[in-house]
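*Asks:* The structure under discussion is supplied below as structure tokens; questions concerning it will follow.
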């Protein structure tokens, strides 16, 4: 899950820029954890303590962030649909097909060893706010791909899993030419899977995700979650991501610490 958080923080400054260069500095002054990081930590907490549940943890993360604005140079940037859902206390089921369902699930792949349980939990994590079939499919694809990456370290196997959900994935070259900003699972998840399986290393994965002109922080969070499971997060990147998360949202950093310890994430 730290791979998703690092990807989000690195991508935060590129989210709306339509950036197509990959030679950018990984961290700059404004680089910040956004809603992708906070909801990744919320899902991790739901996995660590099942008494609260996914909906409760997602709403809690929203309220914690909103109660202390200004904790990071860039705000959480909640999607309008999620903001409305969470501000009402998660009392109704949201039917979004947005990429938020997929960007927050990486902890599930570390918390559960059985692939069927990973799929079940990914579905449950999506349903409160992203119950649209495409939202559920995106969450399940991202979680299972991360699980297979963790257990096999084989990008080809990961790609095979993703293609079971979406059919043939685009090539990275095609994404660089044709990808356009889109916040939905059907567009973002296949793109992130293609990036994660073609780039060959965590840093290259995140740089590619932030340089195809799309929803950079979320693409980097989804791809980064898979990339962590394939290759690990280089220590300098991991340390800086945790430092920035801890400075802005201490509760979220504590969730990362606890998950990495209990699930023995390298």
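*Asks:* For segment 1-36, which residues satisfy the criterion of being assigned to a helix (DSSP H, G or I) and more than 14 Å from residue 220 (Cα to Cα)?
*Replies:* Within segment 1-36, the first condition is being assigned to a helix (DSSP H, G or I), and the residues that meet it are 2-14, 35-36.
Selection gives nothing.
*Asks:* How about segment 83-95: which of its residues are touching a residue at least 12 places away in the same chain (Cβ under 8 Å) and surrounded by fewer than 22 Cβ atoms within 10 Å (Cβ to Cβ)?
*Replies:* Residues satisfying the conditions are 83, 87, 89, 90, 93, 95.
To keep it simple, each residue is scored yes or no on (1) assigned to a helix (DSSP H, G or I); (2) closer than 22 Å to residue 261 by Cα.
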position: 108; (1), (2): yes, yes
position: 120; (1), (2): yes, no
position: 124; (1), (2): yes, no
position: 128; (1), (2): no, no
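*Asks:* Working only within segment 59-76, note down all residues that are within 18 Å of residue 43 (Cβ to Cβ) and either assigned to a loop (DSSP other than H, G, I, E, B) or touching a residue at least 24 places away in the same chain (Cβ under 8 Å) (or both).
*Replies:* Correct list: 59, 61, 62, 64, 65, 76.
*Asks:* Answer yes or no as to whether residue 252 is modelled with pLDDT of 95 or more and over 27 Å from residue 179 (Cβ atoms).
*Replies:* Taking the combined requirement at face value, the residue satisfies it.
*Asks:* Residue by residue through segment 83-100, note down the ones that are outside any loop (DSSP other than H, G, I, E, B) and in contact with a strand residue (DSSP E or B) (Cβ under 9 Å, 6 or more places away or on another chain). Don't jump to the end; show me each part of the working.
*Replies:* To start, the set of residues in segment 83-100 that are outside any loop (DSSP other than H, G, I, E, B) comprises 83-87, 95, 98, 100.
Matches in segment 83-100: 95, 98, 100.
*Asks:* Taking the condition of being in a helix (DSSP H, G or I), in contact (Cβ under 8 Å) with a residue 24 or more places away in the chain and in contact with a helix residue (DSSP H, G or I) (Cβ under 7 Å, 6 or more places away or on another chain), how many residues in segment 210-252 meet it?
*Replies:* So the answer is 24.
The values are calculated or read from the model by the stated rules, or taken from the named source; none is laboratory data. Remember, predicted model here, so these are calculated numbers, not experimental data. All Cβ positions, glycine included, derive from the backbone under ideal geometry; neighbour counts span all protein chains shown.
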